[in-house]
Amino acid sequence: MAEPVRGADRVNDDLEVGYDEEFEARWTIAQRIGLVVMVSFLVVCLSGLLGRGPFSHRTATAPDGSMHVDYEPAAREGTPTQITFRMANPGDAPMPVSVFVSGSLVEPLGLGHTVPETTAAMVGSKGLVLRFTLAPQQADAKIRLDAMPASAGIVRSEAWLGADATTDQPDRRHRVHWTQVVLP
């Protein structure tokens, strides 16, 4: 009869290769940690926290409800982002609108172009006043700003309706604040 392999005992004429209970316990813990990390990453991705998804857009509203701002709370450096202003358009005639956007929005995010096109743009002491003429009979007027963040960081912005280049302190009821995080 052949000599058994060292460290292994024969059981019922079969070779027993051994069982390390401590290793198996550590391996099970490692598998569970890996599973939790993968599921967490999947949930974060599906929720839109790292890109497009149900939580990838937020809306800030002026206290009087005159304007809503839709934006991406997490934008990427060097990747296009959009900021949409929505306001009521009660008239049957073309509606002139002036929107002030703070310098803290224009400088780090870089204003690309607007839809509709601006009829005038003026530099104020704290930002930029954009003037638009919105089409009549449009129940929910929209102005879209396209931006491309140039650097990572936190961008705190504000905007308000009815602005002119000399207005530094608008009526607080028309002011909208929002914060975006620009990721590298």
So which residues in the range 57-67 are within 16 Å of the chain's Cα centre (by Cα) and modelled with pLDDT of 85 or more, if there are any at all?
Arg58, Thr59, Ala60
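Assess whether Val36 counts as being touching a Phe, Trp or Tyr at 6+ places or on another chain (Cβ under 7 Å) and at pLDDT 85 or above. Let's see the steps before the verdict.
On the way: touching a Phe, Trp or Tyr at 6+ places or on another chain (Cβ under 7 Å): no; at pLDDT 85 or above: yes.
When the stated conditions are applied, Val36 does not pass them.
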Residue set Pro116, Pro108; condition at pLDDT below 75 and either of a type outside the set (S, T, N, Q) or crowded, with 18+ Cβ neighbours inside 10 Å (or both); output residue Pro108
Quick one: what pairs do we get from the range 163-184, first residue farther than 28 Å from Thr79 by Cβ, second modelled with pLDDT of 70 or more and of a type in the set (Ser, Thr, Tyr), C-beta under 7 Å, 6+ apart or different chains?
Ala163/Ser98; Asp164/Ser98; Asp168/Ser125; His174/Ser66
Of all the strands (runs of 3 or more DSSP E) wholly in the range 101-146, which have at least 1 residues that are free of Cβ contacts under 8 Å to residues at least 40 places away in the same chain and in contact with a helix residue (DSSP H, G or I) (Cβ under 6 Å, 6 or more places away or on another chain)?
127-134
Give just the number: which of (1) closer than 26 Å to Phe132 by Cα; (2) at pLDDT below 85; (3) surrounded by 10 or more Cβ atoms within 10 Å (Cβ to Cβ) does Asp70 not satisfy?
(2)
Condition met for Val101 (under 20 Å from Lys126 (Cβ atoms), in the same structural domain as Thr179 (by TED's automatic domain parsing), buried (at least 16 other Cβ atoms within 10 Å of the Cβ) and modelled with pLDDT under 80):
no
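Regarding the range 64-83, can at least one residue be identified that is in a strand (DSSP E or B) and over 21 Å from Gln180 (Cα atoms)? If you could, list the steps in order and put the result at the bottom.
Taking the range 64-83 first, the residues in a strand (DSSP E or B) are 68-71, 74-76, 81-83.
Pick out the ones that are also over 21 Å from Gln180 (Cα atoms) and you get none.
No; the residues of the range 64-83 include none that is in a strand (DSSP E or B) and over 21 Å from Gln180 (Cα atoms).
The values are calculated or read from the model by the stated rules, or taken from the named source; none is laboratory data. Nothing here was measured: the structure is a model prediction, and the numbers come from that model. Because the Cβ atoms are built from the backbone with ideal geometry, glycine has one as well, and the counts that use them run over all protein chains shown.
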